[in-house]
Amino acid sequence: MLAHIVLPALLLGLGCVSAQAESCRVTANEMVNTATAELLQDVIKKDPELAKLDERTLVLEAGKKLITAERSDFKARGWMMLLWYGGKPGGEIVANSAEQLDTEEDRAHLYFVMGLFQLGSPKQETAAAGRTLLAQVKDTGKVTFVPEDMWELLIETCDLPK
């Protein structure tokens, strides 16, 4: 049920990220914000008690639940939430979750999120490594929720830091 709401909203939002050359950091952050903000709103609508949590706790709880989902694209959104908004505890949860991945699809989605995280780095070498990782993930064909124009933006068009 949630997938029927979230996936179309995410894909529509991803298409809204500017196709003009802008910094990879801005592009990565916009993508993550789009992918997670609406999802969190939907989760809160379904469970109003979550609205009582502070933002960090909400992100950590929602992220932990998402990374246990059956669908790899939901896991990716959980990892995004945890890495971008979960602080050090969120990063630790992501690192620890890597050991428990059983499928190539799950691993590809984690590598996608890690590449996106690196791409958003202010350091040129790290951002370039993220771009390389994203290109490798795209070549696997395992991450299918990202539209072709978004792959192009991430891998070819956005500007790496100087």
query = Put a dot 7 Å past each Cα toward the Cβ at residue 53 and residue 125; how far apart are the dots in nm?
reply = 3.7 nm
task = Let me see the pair-distance distribution of the chain: every alpha carbon pair, 10 Å bin width, integer percents in order.
result = 11, 41, 37, 10, 0
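Over the chain, with every protein chain in place, what whole percent of the accessible area is carbon and sulfur at 1.4 Å, could you tell me?
The nonpolar share, carbon plus sulfur, comes to 53 percent.
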request  = With springs connecting C-alpha atoms under 10 Å apart, model the chain as a Gaussian network and identify which of 134, 50, 119 has the largest mean-square fluctuation.
outcome  = 50
query = Here are some pairs, 88/123; 45/138; 65/88; which of them have Cα atoms lying more than 22 Å apart in this structure?
reply = 45/138
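The values are calculated or read from the model by the stated rules, or taken from the named source; none is laboratory data. This is a predicted model, so every value here is computed, not measured. We place every Cβ from the backbone using ideal geometry, glycine too, and count neighbours over all the protein chains shown. The protein model used for the area step is the full one, side chains on, heavy atoms only, and it has no ligands, DNA or RNA in it. Shrake-Rupley method; radii C 1.70, N 1.55, O 1.52, S 1.80 Å.
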